[in-house]
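What follows is a single structure, written as structure tokens, with notes after it.
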Amino acid sequence: MNETTRVVMLDPDWFGDVEAEREHFESLLDDVVVEGIDCTDEEIPDRVGSADLLLSHYTGVSAESMDATGCSVVSRYATGIDGIDIAAATDRGIRVTRVPHYCNDEVGMHALSLMLAFARGIPTYDAAAVDARWEFSDAAPLRPVSELTVGLLAFGNKGRATAEKALSLGFDVCAYDPYVEDATIEAEGVRPVGFETLLSTADILSIHAPLTDETEEMIDADAIARLHDDAIIINTARGDILDEDALLDALDDDRLRGAGLDVLQQEPPSAENPLLDRNDVLVTPHAAWYSTRTARILRRQGTEIAVEAYRGEDTEGIVNPDALDL
């Protein structure tokens, strides 16, 4: 380690400053400088200079940026790590970290809120009221939640939190996750199913998978066609898992009841994005993670995990533990 540790936050605009991060790092390291430099991955080599730790909320970090800075840790202040070249980091002995648990409850509640909005016809009733209509039949038929099946795409921390809340309200819940044992899913009161069964069974398809080569546009036109015509899609994971063009086509053809989207393929979206001007789509600004509690936890735990990795410790938040051995 250098005598002075230099830490650079690549997107300080996320919270408006780096004061909380600076306070946490100074409490954990003896000689540390924490700076905020708002830049894209492509700008890192020219704007950042040398750095020991790179912190990111959403900015990607490529192999070129790692080489240019000489960093030993790249810390994502979030759950997802898309945009960070994990293979290149591991090859270089650079530890990549994330904050795995900070917002499970909030994401589960947000997903459930979007589900209930459509299950109870709220967007339809609201649009009708604006047009001076006052008819319960505008959103009919509305089935009770006890007759609806929530299908979870992935059963990680966020999927489990969503399942727990959905079950408590009386929804039937099934889940597809090839990386989780059936017994683990069953232990949570959820039915494990295959992908095809997930699509054919779900009244509400709730996406909780990480974005990988395997999951990119996994919910495409073919997958959407396998949902039944009154199904609802909820996405609180990553925008690129859902093909938005295919979603629009299905909505235009009345093959879905609606979609609740906390994430989009382009963020922030263009004002011309057709998903923003529909009564059958609810869009929130990648906010499922947020509460005053999680904002505090994220900044504190993100720093603690980054420092543990910087010291060479095997922390729960490390994504590529093989890098510790290099």
- The listed residue being part of a loop (DSSP other than H, G, I, E, B) and either over 18 Å from Tyr179 (Cβ atoms) or assigned by TED's automatic domain parsing to the domain that holds Ile81 (or both), out of Leu227, Leu211: Leu227
- Query: For segment 123-135, what are the residues that are touching a helix residue (DSSP H, G or I) at 6+ places or on another chain (Cβ under 8 Å) and assigned to a helix (DSSP H, G or I)?
  - Reply: Pro123, Thr124, Tyr125, Ala128
- Query: Among the residues of segment 267-276, is there at least one that is among the aliphatic types (A, V, I, L, M), closer than 26 Å to Arg143 by Cβ and surrounded by 15 or more Cβ atoms within 10 Å (Cβ to Cβ)?
  - Reply: yes
- Top-ranked residue in segment 158-199 [being part of a loop (DSSP other than H, G, I, E, B) and crowded, with 19+ Cβ neighbours inside 10 Å; ranked as nearest to the chain's Cα centre (by Cα)]: Asp177
- Residue list for segment 67-85, filter: outside any loop (DSSP other than H, G, I, E, B) and surrounded by 24 or more Cβ atoms within 10 Å (Cβ to Cβ): Val73, Val74, Ser75, Arg76, Ile84
- Note on the structure: Checked segment 249-266 for anything out of contact with any strand residue (DSSP E or B) (no Cβ under 8 Å at 6 or more places or on another chain) and either over 22 Å from Asp138 (Cβ atoms) or among the charged types (D, E, K, R) (or both); matches are Asp249, Asp252, Asp253, Asp254, Arg255, Gln266
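The values are calculated or read from the model by the stated rules, or taken from the named source; none is laboratory data. If you're wondering where the values come from, they're calculated on a predicted model, not measured in any experiment. When we count neighbours, we look across all protein chains shown, and the Cβ atoms used for this are built from the backbone with ideal geometry, even at glycine.
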